[in-house]
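Working notes, beginning with the structure itself.
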């Protein structure tokens, strides 16, 4: 098949990074793939795409470039006439659905998150029939697509966008020297709830001031909440939490940690937390999205309720008070993600979905 793969933009992290593995598998299966982006965003995904030999054409200028980018997309599709348009993220999906309907090109759409803003949810509920098949990146997202978007269960396939590699180095457990480092990777956005992490760090200091001095929190990521988060940390006197900006090499960042924390309000698969588990880090996370399935509470990590500052603080204290148990959780976490998300599982699932789509497109012809 000739596939045009349409994504919102080229932000560092998020959907632009795992698309590399998806396109590689598509090409391994003999398909021709052209990647398109509706807007440049921060462009931090471009070096990784180029390194993987994937060229991405940017067809729009930004979020406000609605009609121009839509017209460019239609013109490009009319010229190339691909066999399939594969979309990723809501804006790209809506544009792709409309263009596909206009030009008679079948559309397959990713759903990455188990949450959508109300207006996006309402739009996709109305436009869902314009997508031939939906692909969810986790069990949690498939359930969301069925319950919240009204998509029939037999039209939603699950293809987790994460590959656990055996050769990824494991972190060294904390031996009591230096600080116990707890980190997080994520965009500084309200959904990630780093304000809750700051409040939990302050609560840890109230509960055990001496132990708090042994802790260091590090958040890698950029985003619109940076100033507000810095202000909150200063107000609460949290001086052991650092925002270090976007990190090009997440594996290197994870290798510097002793534990990982993900206090999000909503998630789909959550690549960063699964990458942390792959590196043998114990993970503290809210029980949302696929994290509720990947983390076995008390065995591979610790789960907390959304926005529960006290539970988050207690979980942090649990790990730092018993570093041996924390290391054991990390080893169990690594074993679990390798068993659930190994290379064979990714390839087998992806090939089966691509074959099913090929059959359905052939039948439509």
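Read the figures in this text as sums done on the coordinates, not as results from a lab. Since the model is a prediction, treat every value here as computed from it, not as a measurement. Using ideal geometry, Cβ is built from the backbone for each residue, glycine included, and neighbour counts are taken over all protein chains shown.
Below are the figures for this structure:
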quantity: Within a Gaussian network of the chain (alpha carbon springs, distance under 10 Å), most fluctuating of 91, 265, 27; calculated: 27
quantity: Helix 118-127 axis, angle to the chain major axis (alpha carbon atoms, nearest 10°); calculated: 30
quantity: GNM top mover of 122, 114, 333 - the chain, alpha-carbon springs below 10 Å; calculated: 122
quantity: Percent of Cα pairs exceeding the 26 Å cut-off, where the set is the range 217-365; calculated: 35
quantity: Rounded tilt (10° steps) of 19-28 against the dominant C-alpha axis of the chain; calculated: 50
quantity: Scattering curve values for the range 105-160, log₁₀ I(q)/I(0), Debye with Cα scatterers, q = 0.23, 0.25, 0.28 Å⁻¹; calculated: -0.83, -0.98, -1.22
quantity: Inter-label distance for residue 68 and residue 167, nm, one decimal - labels placed 7 Å from Cα along Cα-to-Cβ; calculated: 4.4
quantity: The range 28-119: C-alpha gyration tensor shape, a/c 1.5 cut-off, then a/b vs b/c; calculated: rounded
quantity: Over the range 180-341, relative contact order from alpha-carbon pairs under 8 Å, at least 6 apart, %; calculated: 25
quantity: Whole-Å semi-axes of the range 127-233's equivalent ellipsoid (Cα gyration tensor); calculated: 38, 20, 12
quantity: Using a Förster distance of 25 Å, the FRET efficiency for residue 344-residue 155 (Cβ separation, nearest 0.05); calculated: 0.45
quantity: Computed [θ] at 222 nm, deg cm²/dmol, the chain (DSSP H ≥ 4; -39,500 (n - 2.57); rounded to nearest 500); calculated: -13500 deg cm²/dmol
quantity: Computed FRET value (nearest 0.05) for residue 146 with residue 103, which takes r as the C-beta separation and R₀ as 35 Å; calculated: 0.80
quantity: Where a label projected 7 Å from the Cα of residue 324 along Cα→Cβ would reach, residues of the range 277-312 with amide N under 19 Å; calculated: 282, 298-301
quantity: Principal-axis tilt of helix 194-207 within the chain, Cα atoms, nearest 10 degrees; calculated: 10
quantity: Pairwise label distance in nanometres, residue 335 with residue 287, each label 7 Å out on the Cα-Cβ vector; calculated: 2.4
quantity: Alpha-carbon Debye profile of the chain, log10 I(q)/I(0) at 0.06, 0.09, 0.13, 0.15 Å⁻¹; calculated: -0.23, -0.52, -1.02, -1.29
quantity: Bins of 5 Å, starting at 0 and running to the largest distance - Cα pair percent for the range 1-73; calculated: 4, 17, 28, 24, 16, 9, 2, 0
quantity: Sites residue 181 and residue 226, calculated FRET efficiency, Cβ-Cβ separation with R0 22 Å, nearest 0.05; calculated: 0.60
